[in-house]
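Remarks on the structure that follows.
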Amino acid sequence: MRAAFRLAAVAAAIAASASVHAQGQPPLKVGLMLPYTGTYAALGNMIENGFRLYVQEQGGKLAGREIQYFKVDDESDPSKATDNVNKLIKRDNVDVLVGTVHSGVALAMAKAAKDNNTLLIIPNAGADAITGPLCAPNIFRSSFSNWQPGYAMGIVAGQRGHKRAMTITWNYAAGAETVKGFAEGFAKSGGTVVKDLNLPFPNVEFQALLTEIAAQKPDAVYAFFAGGGAVKFVKDYDAAGLRKTIPLYGPGFLTDGTLEAQGASAQGLLTTLHYADNLDTPRNNAFRKSFALTYKANADVYAVQGYDAAQLLSAGLTAVKGDTSQRQQMLYAMGKTVINSPRGKFAMSAAHNPVQDIYLREAKGVNNEYREVAVKQLADPAKGCKM
Ligand code: BEZ
């Protein structure tokens, strides 16, 4: 009896010391570097909301640590990226950087994170190099590489019988790399890209390029645009009379978070992405309900990626009971975790990019509805990553 009492007392003391350990630590400083203005502003806000939602669901703490947020609007402007990220690293001295949306800005963040050995979690930007030649033990992505949805759409377009496609996008890393992925998948399933069209980011003067598409009459068009630019492009494509004659495809960013604004012009569009709004799983249903209750808005892929960035951070912190000085153990746990995401469970590749199912979706009403798995458990090739 006395022994049992002693055992219980020891167990209580251990539990109390673990909680004091986490409680004794200062708040964890999270630096959110996201676009809050410009064509990607809505994406940045959704990522932040998704991240905060997960933290809120854990009672406002991760592994016992309070979270203190620092925010910088990166404006999706690569020329300001180094100065902006240094505000968070050097001025605010954050423990972890979370950002961003635009690949060009993220490339500068990755360099700064490497130089300063700051933990970086990328909740969107797909720049292939970040989980390729620039990969690093302290850099993780909760989203995708630009190659992933592009490659999957190329496979699907070929399977649908298309032989000659044109591509159209903004002239920066995300556009170029998703188009390259599309061309690779399309070639593998029997098609050829006959012409690539592009315009500077974030320009939305599409008319001359649409005229060229109409003149060339390809079997299909593959387009990468996102946010405000995607809204305008899809509407312009329809207004030019092309939607009914030349099928338009894209990575899911073309219609994610944009369907309300795109209206009838987007209905029926097929896209590929690692998320579909109506995935009928308990995890996705609970997430969408919680997001809708908290923000009075529907979640989209960007919210999912922000939510999963917080889950990834939580996995690392939990492994070290909130003690970030146990750096190696924390990073190791982040690399080995399986995230129970609203998109479906996913693991990290050796280069720290999600290995995940890519879905074919169809735009219906205000949802991107699941049609089928386009490519199962697609891993980025991570060319040039040495870790
Ligand atoms: C990118 O720049 O990597 C990107 C931006 C918006 C949506 C998807 C990718």
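The values are calculated or read from the model by the stated rules, or taken from the named source; none is laboratory data. Remember, predicted model here, so these are calculated numbers, not experimental data. Every residue, glycine among them, receives a Cβ derived from its backbone with ideal geometry; neighbour counts consider all protein chains shown.
I'd like to check which strands (runs of 3 or more DSSP E) are fully inside the range 144-249 and have at least 2 residues that are outside the structural domain of residue 77 (by TED's automatic domain parsing) and crowded, with 22+ Cβ neighbours inside 10 Å. Spell out the reasoning first.
Numbers: elements: 164-170, 192-199, 220-224.
Output list reads 164-170, 220-224.
Sort out which residues of the range 171-197 are farther than 20 Å from residue 269 by Cβ and either at pLDDT below 95 or within 16 Å of the ligand (Cβ to nearest atom) (or both), and write them in order of number.
Across the range 171-197, the qualifying residues are 171, 172, 173, 176, 177, 180.
Every residue, every condition in (1) of a type in the set (Asp, Glu); (2) touching a helix residue (DSSP H, G or I) at 6+ places or on another chain (Cβ under 9 Å); (3) more than 22 Å from residue 160 (Cα to Cα); (4) free of Cβ contacts under 8 Å to residues at least 60 places away in the same chain, yes or no:
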| residue | (1), (2), (3), (4) |
| --- | --- |
| 217 | no, no, no, yes |
| 224 | no, yes, no, no |
| 227 | no, yes, yes, no |
| 231 | no, yes, yes, yes |
| 249 | no, yes, no, no |
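Mind checking which residues of the range 111-130 are part of a loop (DSSP other than H, G, I, E, B) and away from the ligand (no atom under 12 Å from the Cβ)? Don't jump to the end; show me each part of the working.
Of the residues in the range 111-130, the ones part of a loop (DSSP other than H, G, I, E, B) are 117-118, 123-127.
Correct list: 117, 118.
Scan the range 76-89 for residues that are farther than 21 Å from residue 176 by Cβ and surrounded by 18 or more Cβ atoms within 10 Å (Cβ to Cβ) and jot them down. Reasoning before the result, please.
So in the range 76-89, the residues farther than 21 Å from residue 176 by Cβ come out as 80, 82-89.
Those that are farther than 21 Å from residue 176 by Cβ and surrounded by 18 or more Cβ atoms within 10 Å (Cβ to Cβ): 84, 85, 88, 89.
Which one is surrounded by the most Cβ atoms within 10 Å (Cβ to Cβ), of the residues in the range 90-110 that are in a helix (DSSP H, G or I) and within 16 Å of the ligand (Cβ to nearest atom)?
Filtering the range 90-110 for residues in a helix (DSSP H, G or I) gives 90-91, 103-110.
Filter again for within 16 Å of the ligand (Cβ to nearest atom), leaving 103-110.
Values: 103: 27, 104: 18, 105: 28, 106: 33, 107: 17, 108: 21, 109: 30, 110: 25.
Checked the range 90-110; the qualifying residue surrounded by the most Cβ atoms within 10 Å (Cβ to Cβ) is 106.
Report the residue count in the range 319-349 for those that are assigned to a loop (DSSP other than H, G, I, E, B) and touching a Gly at 6+ places or on another chain (Cβ under 8 Å). Step through it out loud before you land on a result.
First pass over the range 319-349, keeping only residues assigned to a loop (DSSP other than H, G, I, E, B): 320-326, 337, 342-343, 349.
Of the ones still in play, those that are also touching a Gly at 6+ places or on another chain (Cβ under 8 Å) are 321-322, 337.
The total comes to 3.
Where residues in the range 250-266 are of a type outside the set (Gly, Ala, Ser) and within 24 Å of residue 148 (Cα to Cα), which of them is surrounded by the fewest Cβ atoms within 10 Å (Cβ to Cβ)? Steps first, answer last, please.
Restricting attention to the range 250-266, the residues satisfying the condition of being of a type outside the set (Gly, Ala, Ser) are 251, 253-256, 258-260, 262.
Imposing the further condition that a residue be within 24 Å of residue 148 (Cα to Cα) reduces the set to 251, 253-256, 258-259.
Values: 251: 32, 253: 28, 254: 31, 255: 27, 256: 27, 258: 27, 259: 23.
Only one residue tops the list, namely 259.
Just to be sure, is residue 85 touching a residue at least 60 places away in the same chain (Cβ under 8 Å) and among the β-branched types (Val, Ile, Thr)? Give the derivation first.
Details: touching a residue at least 60 places away in the same chain (Cβ under 8 Å): no; among the β-branched types (Val, Ile, Thr): yes.
So residue 85 does not fit the description; no.
Would a scan of the range 353-363 turn up a residue that is surrounded by fewer than 22 Cβ atoms within 10 Å (Cβ to Cβ), touching a residue at least 24 places away in the same chain (Cβ under 8 Å), in contact with a strand residue (DSSP E or B) (Cβ under 6 Å, 6 or more places away or on another chain) and farther than 14 Å from residue 276 by Cβ?
There is at least one residue in the range 353-363 that is surrounded by fewer than 22 Cβ atoms within 10 Å (Cβ to Cβ), touching a residue at least 24 places away in the same chain (Cβ under 8 Å), in contact with a strand residue (DSSP E or B) (Cβ under 6 Å, 6 or more places away or on another chain) and farther than 14 Å from residue 276 by Cβ.
Got a sec? Which of 313, 210, 273, 242 is at pLDDT 95 or above, aliphatic (A, V, I, L, M), within 16 Å of the ligand (Cβ to nearest atom) and touching a helix residue (DSSP H, G or I) at 6+ places or on another chain (Cβ under 8 Å)? It would help to see each step written out before you state the result.
Working: 313 fails: within 16 Å of the ligand (Cβ to nearest atom); 210 fails: within 16 Å of the ligand (Cβ to nearest atom); 242 fails: within 16 Å of the ligand (Cβ to nearest atom).
273 is the lone residue from the list that is at pLDDT 95 or above, aliphatic (A, V, I, L, M), within 16 Å of the ligand (Cβ to nearest atom) and touching a helix residue (DSSP H, G or I) at 6+ places or on another chain (Cβ under 8 Å).
Go through (1) within 16 Å of the ligand (Cβ to nearest atom); (2) in contact with a Leu (Cβ under 7 Å, 6 or more places away or on another chain) for residue 137 and report which single condition fails.
(1)
For the list (1) outside the structural domain of residue 336 (by TED's automatic domain parsing); (2) buried (at least 17 other Cβ atoms within 10 Å of the Cβ), I need the number of the one condition that residue 303 fails.
Result: residue 303 fails condition (1) only.
Starting from the range 192-204, keep only residues that are over 23 Å from residue 105 (Cβ atoms), then list their pairs with residues that are among the acidic types (Asp, Glu) and surrounded by fewer than 17 Cβ atoms within 10 Å (Cβ to Cβ) whose Cβ atoms are within a distance under 9 Å, requiring at least 6 positions of separation or different chains.
Filtered contacts from the range 192-204: 195/212; 197/212.
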